[in-house]
Amino acid sequence: MADDKKKAGFLSDLFAPVGGFGVTFATMFRKVATTEYPEVKRPTAQRFHGRHQLNRHPDGLEKCVGCELCAWACPADAILVEGANNDDLSGQRFSPGERYGRVYQINYLRCIFCGLCIEACPTRALTMTNKYELADNNRADLIFTKEQLLAPLQGGMLAAPHPMVEGMEERDYYLGKVSEATPTQKDWAQTNHAQASPAIDATGASGSTGAVKEPAQ
Ligand code: SF4
Ligand code: SF4
């Protein structure tokens, strides 16, 4: 018995200096987990919190109503919203209902991607995408404007401003009764966007003064 113990002690003493390398050697033969970013990009989880997006209704009008609830909910004070009244008489309707977000900015130097702004938004205007490449080398470019955050136009959509679907009320938009821009809206846009101000750019982004960049605090 005493001899066995002595033998075991001798062997463990003998291999002790190289014992720690066992993990190293075993790891050398495992599959490499490193991803060669940026050449190779791993898909994110489906509910990953990435860059924000301002969504549109199916006819292209904006879902944001300029209520500022997202800005109030943000713990990092990263959002700036300035609402304004839609005005059918002057052809300045950007969303169904009374108000729209005239200025909308998110400061990605401050954002911690917590998603509280998304929870606060009553119209589902604000959601988060899976985009995470947000690095830059200057502060100004990390303050995203409304034009950058607006969802691209999909088929059947028209860039705002334009009137609501004829005969529809604001609530009809939320009841899913609007499926695309109607011929009347298209005619209106064709006539009025041709003589519109630079507020409507080539990408179809709208909003009168989204270029304001003052809140770089
Ligand atoms: S994700 Fe969080 S920190 Fe970023 S803007 Fe929204 S509420 Fe603010
Ligand atoms: S994104 Fe939503 S919460 Fe924020 S101002 Fe627009 S409607 Fe209100």
Note on segment 158-176: residues surrounded by fewer than 19 Cβ atoms within 10 Å (Cβ to Cβ) and either in a helix (DSSP H, G or I) or in contact with a Ser or Thr (Cβ under 6 Å, 6 or more places away or on another chain) (or both) are GLU166, GLU170, ARG171, ASP172, TYR174
Quick check, is ARG56 of a type in the set (Lys, Arg) and touching a residue at least 12 places away in the same chain (Cβ under 8 Å)? yes
Looking at segment 50-86, which of its residues are within 11 Å of GLY101 (Cα to Cα) and more than 15 Å from ligand 1 (Cβ to nearest atom)? GLU62, LYS63, VAL65, GLY66, GLU82, GLY83, ALA84, ASN85, ASN86
Counting only residues that are touching a helix residue (DSSP H, G or I) at 6+ places or on another chain (Cβ under 9 Å) and modelled with pLDDT under 90, how many does segment 1-50 have? 2
Give segment 177-199 a look and list any residue that's surrounded by fewer than 13 Cβ atoms within 10 Å (Cβ to Cβ), at pLDDT 95 or above and in a loop (DSSP other than H, G, I, E, B), or say none. SER179
Name the pairs whose Cβ atoms lie under 6 Å apart, with the first residue in segment 177-188 and of a type in the set (Ser, Thr, Tyr), the second in a loop (DSSP other than H, G, I, E, B), and 6 or more positions between them or separate chains? SER179/PRO58; THR182/VAL165; THR184/GLU166
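The values are calculated or read from the model by the stated rules, or taken from the named source; none is laboratory data. Just so we're clear, the structure is a prediction, and the values are computed from it rather than from any experiment. When we count neighbours, we look across all protein chains shown, and the Cβ atoms used for this are built from the backbone with ideal geometry, even at glycine.
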